[in-house]
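Every read-out reported here was derived from the displayed coordinates using simple, explicitly stated rules and does not represent laboratory data. Here the structure is a predicted model, which means the values were calculated and not measured. Note: ideal-geometry Cβ built from the backbone for every residue, glycine included; neighbour counts use all protein chains shown.
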Amino acid sequence: MLDIQLLRRDLNGVVARLAARKNPQPFLDVERFTALEAERKAIQTRTEELQARRNAVSRQIGQFKAKGQDTTELMTQVAGLGDELKASADRLEALQGELADMMLGLPNLPHDSVPAGADEKGNVEARRWGVPRGFDFPVKDHVDLGAALGLDFDTGALLAGSRFTFMRGPVARLHRALAQFMLDLHTQQHGYTECYTPYIVNREILVGTGQLPKFKDDMFWVYRGSSAADGAGEGDAAPQEQYLISTSEISLTNSVRERILDAAQLPIKLTAHSPCFRSEAGSAGRDTRGMIRQHQFDKVEMVQIAHPEHSHAALEEMVGHAEAVLQALELPYRVMALCTGDMGFGSAKTYDLEVWLPAQDTYREISSCSNCESFQARRMQARFRNAQGKPEFVHTLNGSGVAVGRAMVAVLENHQQPDGSIAIPPALRPYLGGAEVLRA
């Protein structure tokens, strides 16, 4: 969430920065915001006048009573002022609610270092690593390679519908090995604390990291009745709105919500392996073959809670941590700095890592690392005490370290052999019993 004071101080500047994301900017109804603000100011001014008048009349009542004079008329005035104050308070609350809803719908402002651009064509390649392998035999994609290894899309569809996958045998073991390797790398070499989080969270948790209210259609959501175990009284079955997480960023980042941290605790570095659930509401017809775009997939997530002065250095560090995964797996990739028009809703700056997929003859996203600055922290009320001892919003960062399914796709395709077996990168062999080759 943006600081509403920023809009009050420099509305034109905010609108211009929003227009850098999409022009003309569709996010803020400037006319409505201006009207609400004008009414808010007027009501607050009138409220202050009413309060001052009521205080003055109340003093008069005290003076009249001390002299034994009749206070009926003054009491009537106080009652009328009280009614008007109540009406003003009610209207002010409604105004504040509408303003808050407007603020929840505004994306983050791009950092000054983000390249300008209207869409993904404006993204800028920062660097690349590795050289795509040349093959002297026909290249298979992960669907054909995986079929003999236990990658079963038909059973996944039978159990849950399209865009779900069932794995058995060698490919299931490879999938587990990749996740375990990533967790060990991030905890043992990069200093992250491993976490296990709920896969279902409450509505306000998703508001905190920015998935709600704007992206509800992208979430899998459920209602459940409360029970005595939840602290509800007997017979109290009011439903509770909850959601399956689309990334463990949601639960990891919210672990510091409504807290005031000590500056010495920063940075807090957390990682978790979890399934991720996405309805992919806006991706009809895209990547329907294979594992590239699934409703359920696994990811090892990295989150950092950082001091504002160090968050952009932390972003560069986090990108390096994701790169280390791909380098260890000997997968060619490139790092793309996303432009203003292609960044996510809550991000101030984002890098995407794109891994080479031989069967598609292109690079595809496998990790996205973002600095959200104070955007999420303001929604979560996550703060720390600065050098002056005053509460200040932390900066939050998140990054895939990396998507497990897409890493498996890349390993299968990049390390395939003519007989359909898969050469295992040395870094991954300890997680597969020392095996150098994966075969049916």
Worksheet, complete the sentence: Percent relative contact order for the chain, counting Cα pairs under 8 Å at least six residues apart, stands at 20
Worksheet item: In the stretch 243-331, which GluC sites (Glu not before Pro) fall in coil by DSSP and have 11 or fewer other Cβ atoms within 10 Å?
Response: Glu258
Response to the item:
The ³J(HN,Hα) series, computed from each phi in the stretch 61-72 with the Karplus coefficients 6.51, -1.76 and 1.60 at θ = phi - 60°, rounded to the nearest Hz and given as x for glycine or proline, is 4, x, 5, 4, 4, 5, 9, x, 8, 6, 10, 4
Worksheet item: Counting only the backbone N, which residues of the stretch 100-138 are under 13 Å from the spot 7 Å out from the Cα of Thr362 toward its beta-carbon?
Response: 120-121
Worksheet item: If you keep only loop residues by DSSP, which trypsin sites (Lys or Arg not before Pro) in the stretch 67-142 have at most 16 other Cβ atoms within 10 Å of their Cβ?
Response: Arg133
Discussion item. For Cα pairs less than 8 Å apart in space and 6+ apart in sequence, what is the mean separation divided by the residue count of the stretch 4-104, i.e. the relative contact order in percent?
Written reply: 29
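Helix-derived [θ] at 222 nm for the chain: sum -39500 (n - 2.57) over DSSP H runs of at least 4, divide by residue count, nearest 500? Before the final figure, lay out the partial values.
Details: 12 runs with 169 residues, N = 440.
Computed mean residue ellipticity for the chain: -12500 deg cm²/dmol.
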Worksheet item: To the nearest 10 degrees, how steeply does helix 11-21 sit against the main Cα axis of the chain, on a 0 to 90 scale?
Response: 20
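Looking at the stretch 333-440, which trypsin sites (Lys or Arg not before Pro) are DSSP coil and have at most 10 other C-beta atoms within 10 Å of their C-beta?
Working: sites: Arg334, Lys349, Arg364, Arg378, Arg379, Arg383, Arg385, Arg406, Arg439; in loops: Arg439.
Here no loop site has a sparse enough neighbourhood.
Within the chain, how many Lys pairs that are eight or more residues apart, or on different chains, come under 20 Å at the alpha-carbon? Spell out each step's value before the answer.
Numbers: Lys22/Lys121; Lys22/Lys214; Lys22/Lys349; Lys41/Lys86; Lys121/Lys349; Lys214/Lys349; Lys269/Lys299; Lys269/Lys349.
Here the count comes out as 8.
Would you mind calculating the gained length between Arg257 and Ala100 on full extension (0.36 nm times residue separation, minus the Cα-Cα distance), in nm to one decimal? Don't skip to the end; give the middle numbers.
Details: separation 157, 0.36 × 157 = 56.52 nm, distance 1.84 nm.
Value of the extension gain: 54.7 nm.
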Worksheet item: How much length, in nm to one decimal, is gained on full extension between Phe64 and Phe220, taken as 0.36 nm per residue of separation minus their Cα-Cα distance?
Response: 49.6 nm
